[in-house]
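Asker: Sending over a structure as structure tokens; questions will come in a sec.
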Amino acid sequence: KPRGRKSKETLAKAKRELLELDLIVETRKGARPDKASLYAVTWCALDDCGGKLDMAPASFPRAHYRFRDGFAAMASRPSRVWRNIKGALKTNGGDMKTTSLSRGVTRGLLTLGVGTLLSAMVLISASAQSDADAYPNRPVRVVVPYPPGGGADLLARLLAEKAQTKWGQTVIVENRSGAGGNIGTEWVFRAVPDGYTLLFTAQPPLVSNKSLYGKLNFDPDILAPIAVMATGYSVLLVNPKVPANNLQEFIAYARANQGKLNYASQGIGNAAHLSAELFNSMAGVKMTHIPYKGTGPALADLLAGQVEVMFGELATAGQHVRTGKLRMLGVGGLKRHPDFPDMPAIAEGLSGFQALIWQGMVAPPGTPTAITNRWADLITEVVRMPDVAKRLNDLSMIPAGGKPADMAQFMKEDRERWGAVIRATGAKAE
């Protein structure tokens, strides 16, 4: 363990010149590696390679290990630290190989992204697999990074209810909104990857915010995908005071009143924001963006006439369309919505326009695949239940489900689609 500025400089110089650095920490039988070896191993590996270790002075076993990519893990046992390090490495192109040296002792060779090699001896106990087999054995927290009332919040609570019934464990839905979904997403990103803190969200924090914001305190690319629960159409909504009864009339009115129409969104980078920017670009109009902290407050001001336009979700706006409190001028799919066959797709007037929304679940980086697969199977099972299928239909949403690999591919395609929109329109977080 380096001590003092000079030792640290020597260590840093060795790393720069050799690119590979072997750090060997051995402990006597019966030693407490969580207070000795793990500090040295983690300090050297993280501090020298651009990471950070935040330590609670009175209780080192509860130290907070932060990796360069933002991965963090709270650990009270050496075995959990070991598993968390392995998960972080493997999700970022690194690797870990272990060999048993003697009873209760494991030697590990860890390959970090910068080419640094760390060889350490630590005491290891229960395996991650046994923890996953017993999952869940305590309450699970599902974080929604938006205020209550939106599509993600509604589906998260529906899923939580079904999970509690099936597994007999409490599933708590917690709203942590702000910054276009970034606050709640970062909180989950830094959580222990043990399956007891999960994120249920719409797509922006996972696919578009990375392009919109100059810097994020989390990397959405390495969140562990679970499954998309449902997809839906983004629809063009206007307050009835807008003098337009169809898409063509609205485009003409917007072109004649450049900059005078205000459109609401659930936050910067949300699907509503990007859909409106895409519409601005393709229709040759300029509407002013008014971001809100979620669907609820945005929809309230649209109903009150404080803003004139919004690309919204049928899940939350459909009832207002049916009662005439809002006017729908088009749907964001390439085809018409089956529940509104007389309502044209926006693509019929603006060829190629497509704006879909979806909600799904992800977990912190390094979460065991046994746990992510368990949740994916549950989501697929839940969306096929007759009462849930009816509820989704009432919300004008389409059931999805599937495996983590399916969601990973889905996010990749959506990230490319909206990345192109952001580059073409120059949209940025204000």
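Asker: Pairs Lys162/Lys390; Lys260/Lys428; Lys162/Lys412; Lys166/Lys210; Lys260/Lys325: which exceed 24 Å Cα-Cα?
Answerer: Correct reply: Lys162/Lys412; Lys166/Lys210.
Asker: Fewest first, what order do Arg384, Arg417 take by the number of other Cβ atoms within 10 Å?
Answerer: If I rank by nearby Cβ atoms, fewest first, I get Arg384, Arg417.
Asker: Between Ile183 and Arg384, what length in nm is gained on full extension when 0.36 nm per residue of separation is reduced by their alpha carbon distance?
Answerer: The Ile183-Arg384 span can extend by a further 69.2 nm.
Asker: What FRET efficiency would be calculated for the residue pair Ala429, Ala300, taking the C-beta separation as r and a Förster radius of 25 Å, to the nearest 0.05?
Answerer: The computed FRET efficiency comes out at 0.60.
Asker: Can you sort Met385, Met287, Met397 from fewest to most other Cβ atoms within 10 Å of each residue's own Cβ?
Answerer: Ordered from fewest to most neighbouring Cβ atoms within 10 Å, Met385, Met287, Met397 come out as Met385, Met287, Met397.
Asker: As an exercise, use a Förster radius of 22 Å and the Cβ-Cβ distance of Gln248 and Lys286 to find the FRET efficiency, rounded to the nearest 0.05.
Answerer: The computed FRET efficiency comes out at 0.75.
Asker: Sorted from fewest to most neighbouring beta carbons within 10 Å, what does the list Ile268, Ile398, Ile379, Ile222 look like?
Answerer: Ile398, Ile222, Ile268, Ile379
Only the coordinates and a few stated rules stand behind these numbers; no lab work does. Treat the numbers as computed from the prediction; the structure is a model and nothing was measured. Methodologically, a virtual Cβ is constructed for each residue, glycine included, from the backbone with ideal geometry; neighbour enumeration extends over all protein chains shown.
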